[in-house]
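Data block below; observations after.
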Amino acid sequence: MRRPRLQPHGRPGRSRSAAGTRRTLALLALILGLLALIVGLNEPRPHPDDDLVVPAGPLSPVPYTLTVGIYATNNHGLDLAQPSFIGEGYIWMRWGPELENLLEETGSSTDDLLIMENQVERWDGVRLKASAKPKQLDDGTFYQIYQYSNKFYIQNLTLRHYPFQWLNLPIVIEPNDQTDRLLFKSLRLIPDVDDSEIGRNIGLPGFVTQGWNFVERRHRYASDFGLDTARTDVPRNDYSQLVFSVAYRRSIWASIWTMFQPLAVTMAVVILSPGLASNLWEVRLAIPTTVLLTLVFLQQGYKDQLPELPYLTYLDKIYAIAYLITLASFLLYLWGANQLAGARESAGGEVPDPSPELLARLDRLDHAFQFWALLALLILGSAAWFV
């Protein structure tokens, strides 16, 4: 004869599962809070930057002027992981008799008059001049043109809005002052804006060319290079600087299809997964774990193309939101599975299917999760652009 099973009061199995879930969530929240506190307290602070590049201001009377023009024919070899690109084109200089007399007096050559400050791998750079000696024009000025092909470092690269960011590829030019007579108060570089231009092959794959800019800046070095300007009359190391930059913007549709389409499909699986029947808890629990692995691989795919950044890009923030929504779905399914297990345990295994009331309650929570997850994805994804 089968012995009847005593039914405990208050459904202890269900209570134990609910209490365990609450303790797990509280512990998880505590760990995340402590982690955020530790990271915030130990976040490194940047060193104060006293090396300044400021607007040059109006052109005042100086002993020497040097007009510089650039015709950029091609930019290629873009590498965001090691922010650099290869630039090719022509650069020309035009100067007056005063500067020519200074060059003859100091024994300097026009080949060493200017340096490209952001050039890297100088041993691999090419700069070919059109003639052995500068040409003297009818107005008494001197002229020399060079062809360049160099690798340049991308200064002030900002990827906060990646993959929808603007990209400026600069060429930075400064005097090569070997005599301490080409400081800002003595020599001003004048951009030849009228004749400078970009060629038809200046485009980059995946980017849309937006235009170019050519301006003069004042570069104030943070060091006096051992001259002790505080106790001597040696002037501060300020130099005229020219910045020629070509502006690009990543194609919006290309970014959406290549970067966001896989993520959107993956998140659609998460948001639609509560549509599965609540009693299929094994299948429901397997979906978030699979999606988490997929998100990790998708994120790593684009992170390999970027340098190590001290901030989150826009796409990083979208992935962070996706991780939170996926984790929330796993917690929902875990809680629902515990509810179903608790209901079966309280029924002593006599009832194979859960009660309609419990299923209706789980369905309401599933529908609420779908609504709030989609709303959070839209609101937080929009706010991430401005934060």
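The values are calculated or read from the model by the stated rules, or taken from the named source; none is laboratory data. These numbers come from a predicted model, not from an experiment. Neighbour counts run over all protein chains shown; Cβ positions are idealised from the backbone, glycine included. Accessible surface areas use protein heavy atoms only, side chains included; no ligands, DNA or RNA. Shrake-Rupley method; radii C 1.70, N 1.55, O 1.52, S 1.80 Å.
Observations
- Residue in the stretch 147-164 that is in a loop (DSSP other than H, G, I, E, B), over 26 Å from the mean Cα position of the chain (by Cα) and not aromatic (Phe, Trp, Tyr) present: no
- Within the stretch 100-114, residues that are more than 19 Å from Leu137 (Cβ to Cβ) reach partners that are among the β-branched types (Val, Ile, Thr) and part of a loop (DSSP other than H, G, I, E, B) with beta carbons closer than 7 Å, at six or more positions or on different chains, in the pairs Thr106/Thr179.
Here's the yes/no breakdown for (1) surrounded by fewer than 16 Cβ atoms within 10 Å (Cβ to Cβ); (2) in a helix (DSSP H, G or I); (3) acidic (Asp, Glu):
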{"residue": "Ala254", "(1), (2), (3)": "yes, yes, no"}
{"residue": "Leu263", "(1), (2), (3)": "no, yes, no"}
{"residue": "Leu272", "(1), (2), (3)": "yes, yes, no"}
{"residue": "Ala277", "(1), (2), (3)": "yes, no, no"}
{"residue": "Leu306", "(1), (2), (3)": "no, no, no"}
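- Residue selected from the stretch 147-168 under the condition among the hydroxyl-bearing types (Ser, Thr, Tyr), more than 20 Å from Val208 (Cα to Cα) and open to solvent by 10 Å² or more (accessible area, probe 1.4 Å), by the criterion modelled with the highest pLDDT: Tyr153
- Residues being touching a Ser or Thr at 6+ places or on another chain (Cβ under 7 Å) and within 28 Å of Arg181 (Cβ to Cβ) - total across the stretch 68-89: 2
Every residue, every condition in (1) hydroxyl-bearing (Ser, Thr, Tyr); (2) open to solvent by 20 Å² or more (accessible area, probe 1.4 Å), yes or no:
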| residue | (1), (2) |
| --- | --- |
| Ser109 | yes, yes |
| Ile115 | no, yes |
| Pro170 | no, no |
| Leu182 | no, no |
| Asp194 | no, yes |
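- Residue match in the stretch 330-346 (condition: more than 22 Å from Arg23 (Cα to Cα), in contact (Cβ under 8 Å) with a residue 60 or more places away in the chain and part of a helix (DSSP H, G or I)): no
- All positions within the stretch 82-107 that are open to solvent by 30 Å² or more (accessible area, probe 1.4 Å) and not in a helix (DSSP H, G or I): Gln82, Ile86, Glu88, Tyr90, Arg94, Gly107
- Positions within the stretch 354-387 being open to solvent by 30 Å² or more (accessible area, probe 1.4 Å) and either of a type in the set (Asp, Glu) or at positive phi (or both), in sequence order: Glu357, Asp363
- Restricted to the stretch 117-133, and to residues there that are under 24 Å from Tyr239 (Cα atoms) and open to solvent by less than 60 Å² (accessible area, probe 1.4 Å), the residue that is modelled with the lowest pLDDT is Gly125.
- Filtered residues of the stretch 204-239 (kept if open to solvent by 60 Å² or more (accessible area, probe 1.4 Å), modelled with pLDDT of 85 or more and β-branched (Val, Ile, Thr)): Val208
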